[in-house]
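Taking it in order: structure first as structure tokens, then the write-up.
Any read-out appearing in this document is the output of simple, stated calculations on the displayed coordinates, not a laboratory observation. Source: prediction; values computed, not measured. Here the Cβ positions follow ideal geometry from the backbone for every residue, glycine too, while neighbour counts run over all protein chains shown.
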Amino acid sequence: MKAKRTFKAILAVAFAAVCTNGVCQSESTDDDYTLDNKPKSTFYKTPDEEKEDNKVYTDVDKKPEFPGGYSALYKFIADHLKYPESAKMKRIQGKVLVRFIVGKQGNIENPEIMKGVAPDLDAEAIRVVKSLPKWIPGSHKGKNVRVSSTVSVNFKLDEQPTVNEMPKTQGDDEKEEPIFLIVEHMPQFPGGDIALREYIRDNVVYPEEAKAKKIQGKVFVQFVIGTDGNVEPESVKAIRSIDQTYRNVDLSLLDPEAIRVVKSMPKWEPGTQRGKPVRVSFTIPIDFSMY
């Protein structure tokens, strides 16, 4: 009996020693638990914290950026796109608009079709977007956040047979310099893609008529950067007005302003092919947002 009492005493002392080292507590207080009786710890987040972590932003201090910028993004898409044979046979072509989330670590999340063309082209566009490498993540108030982004995946037949040049129209001067779609060194806006977005934001004047009718969206503008780096004025055109989300409204109300802003751009660093400046076709979205 004495031996048993001694053993129990040793166990009690050992247990007390462990507790005093912070592994356990003899009693707890209300401060140690949340309202739904879950223990507080560094591993548990309140519902509000979890909601904030999963929030998807559209407007942030610093937008996500593809490594190398827009030109590198569209080059990656062009290099990895596989035109479905079934669509080729049916001569189906067009632009697929894909929306996705750039996560806090720069990974691509939840790609989905915003504007499709055909099931096989849509599926290929999703595949390519899923294959994109990590982006530089977006940030807001000094913290990496999840940001919604959109990319246009272009399917066009006979666009790049062997030389990657835009086809000439009837009557074009045969001596005129060809226009390339993808080159070894794509044109660069002075200061890069961030500076380009800032220039557009600072120079767009929202048309009053569009503002009054609460029309907003993206206008895609195509233009040519010449061998001297200038935007060729006659080449600037709106290739797609805002999404067809309005009824009985002139969707081209924003097009002239988007074209004006592109024509007003300063000189770019021209694109080069085999060390020589060449004319390059470029497409960018001009965003009109009232919020």
Inset, instruction - Quote the charge dipole size of the range 53-157 about the Cα centre in Debye, to the nearest 20; the model charges only the Cβ of Lys and Arg (+1) and of Asp and Glu (-1). - result: 120
Inset, instruction - Would you mind checking 55/88; 82/115; 213/267; 90/276 for any pair whose Cα atoms are more than 30 angstrom apart? - result: 55/88; 213/267; 90/276
Inset, instruction - Take the cross-link list 75/237; 95/237; 75/134 and give me the ones stretching past 19 Å between alpha-carbons. - result: 75/237
Legend entry - Rounded Å value of the spacing that divides the Cα centres of the range 190-238 and the range 73-134: 24
Inset, instruction - State, in angstrom, two size descriptors of the range 53-157 derived from its alpha carbons: Rg to one decimal place and Dmax to the nearest whole number. - result: 14.6, 50
Legend entry - For residue 240, residues with placed amide H under 5 Å, excluding near neighbours: 220
Legend entry - Spin-label model distance (nm) - residue 289 vs residue 80, 7 Å beyond Cα toward Cβ: 2.5
